[in-house]
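Everything on this sheet refers to the single structure shown next.
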Amino acid sequence: MKYNIKLKFQVDGIVEKTDVIGAIFGQTENLFGDEFDLRELQDKGRLGRITVEIYPKGNKADGEVIIPSNLDRIETALI
């Protein structure tokens, strides 16, 4: 993969990795149209496996998401 998309997040409450991944897919669904559908891009090998690291702090959590990208830099920046 050429690029990595990195996201940082903070959540009030306890979350699981699956919650974060589900939120990413849910919030981006139909956002950019069919050509940037995350599931389709993963199926075609244009995006890699989404990894999530969560660092709990009491009733809050900080975290980081990394999505490897094989898209060009402009398409990667859009996502």
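Data for the structure
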quantity	calculated
Restricting region 1-77 to GluC sites (Glu not before Pro) in coil, as DSSP defines it, with at most 13 other Cβ within 10 Å	GLU16, GLU29
In the chain, lysine pairs closer than 23 Å at Cα, eight or more apart or cross-chain	10
The chain, accessible area per residue, ligands and nucleic acids excluded (1.4 Å, Å²)	71
Between helix 17-28 and the chain: long-axis angle, C-alpha atoms, 0 to 90°, nearest 10	50
Trypsin sites (Lys or Arg not before Pro) restricted to DSSP loop in the chain with at most 10 other C-beta within 10 Å	LYS2, LYS44, ARG49
Shape parameters for the chain, alpha-carbon atoms, Rg then Dmax in Å	13.3, 40
Label-point separation in nm, LYS2 to LEU78, each point 7 Å along Cα→Cβ	1.4
Share of carbon and sulfur in the accessible heavy-atom surface of the chain [1.4 Å probe, %]	48
Nonlocal amide H pairs with SER69, under 5 Å, H built at 1.01 Å	LYS2, TYR3, ASN4, ILE5, GLY48
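The values are calculated or read from the model by the stated rules, or taken from the named source; none is laboratory data. Just so we're clear, the structure is a prediction, and the values are computed from it rather than from any experiment. Neighbour counts are summed over all protein chains in view; Cβ atoms, including those assigned to glycine, are modelled from backbone coordinates with ideal geometry. For accessibility, only protein heavy atoms count, side chains too; no ligands or nucleic acids. Shrake-Rupley method; radii C 1.70, N 1.55, O 1.52, S 1.80 Å.
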